[in-house]
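As C-alpha cells, the structure follows; a few thoughts come after it.
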Amino acid sequence: MAFTLSSPAFVAGGDIPRRHTCDGEDVPPQLVWSGPPNGTRSFVLIVDDPDAPNGTFTHWVVFDIPGNRTDLPSGTRSDAVGLAGRNSRKDLGYMGPCPPSGTHRYFFRLSALDIETLDLTAGASRDQVERAIAAHTIGVAELMGRYTR
C-alpha cells in the first residue's frame, strides 16, 4: 500500500479553498493519510510555497505527531497533535496561503519517521527539523494545492 496524503478540502493539484487562506479564516485544512511505512513511530508535516518572490516560504511546521495518527482535523492547532515549529515569519503554527499576486503552489509534505520524538522543543526552525529527520525518514507523502489572488 502506498503512503498517501489527501484532504477533503481540495483535490491534489486543485484550488485550496479561501477558508484556509489569509483571505478567509486562515485555518488549516483537514489532512488525511494512509499506508505509512511499517515501523512508523511519528510524523513531521512541513507546508511551503516554492513560488514565493524571495524563495521558498514555509507556512507550517509540525513535528512529533504520534505515529498512530491518520489525520489532522481542519482547524487543528499544531500543539494539539504534536509540537509547532516556526514558519518563515518566525511565528508558531499555521499560516495559510497568501500570495502577493498570481497563482502559487503549496506543498504539504508528511514525513514518516522511525523515531518517536525529534528531541527538539516547540519553536524549532524548519532547518533544525529537517536536520533531525534526515537520518530517520522512512517515507514521504505529498499533496499540492494552489491558491490565486
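The numbers here are math on the coordinates, done by the rules we state, and not lab data. A quick note: this is a predicted structure, and the numbers were derived from the prediction, not measured. A quick note on method: Cβ atoms are made from the backbone with ideal geometry, for glycine too, and the neighbour counts reach across all protein chains shown.
Below are the figures for this structure:
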read-out	value
Distance between segment 96-149 and segment 1-75 - C-alpha centres, whole angstrom	8
222 nm mean residue ellipticity, helices alone, for the chain (DSSP H n ≥ 4; -39,500 (n - 2.57); rounded to 500)	-2000 deg cm²/dmol
GluC sites (Glu not before Pro) restricted to segment 51-149 and DSSP loop, no more than 13 other C-beta within 10 Å	Glu116
Karplus 3J(HN,Hα) series, Hz, for segment 3-9 with 6.51 cos²θ - 1.76 cosθ + 1.60 (x for Gly, Pro)	7, 10, 10, 9, 9, x, 7
Cα-Cα pairs of the chain separated by more than 19 Å (percent)	47
Sequence-separation-based contact order of segment 1-137, relative, with Cα cut under 8 Å and 6+ spacing, percent	27
Segment 104-110 - phi-based ³J(HN,Hα) in whole Hz, Karplus 6.51/-1.76/1.60, Gly and Pro as x	10, 9, 10, 9, 9, 10, 10
Counting DSSP beta bridges with both ends in the chain, the antiparallel % (nearest 5)	95
Simple label model, 7 Å out from Cα along Cβ direction - Thr117 to Ser74, nm	3.4
Segment 52-62 - phi-based ³J(HN,Hα) in whole Hz, Karplus 6.51/-1.76/1.60, Gly and Pro as x	4, x, 10, x, 4, 10, 8, 9, 7, 10, 10
Under 5 Å, built H, 5+ apart or other chain: amide partners of Ile115	Arg41, Ser42
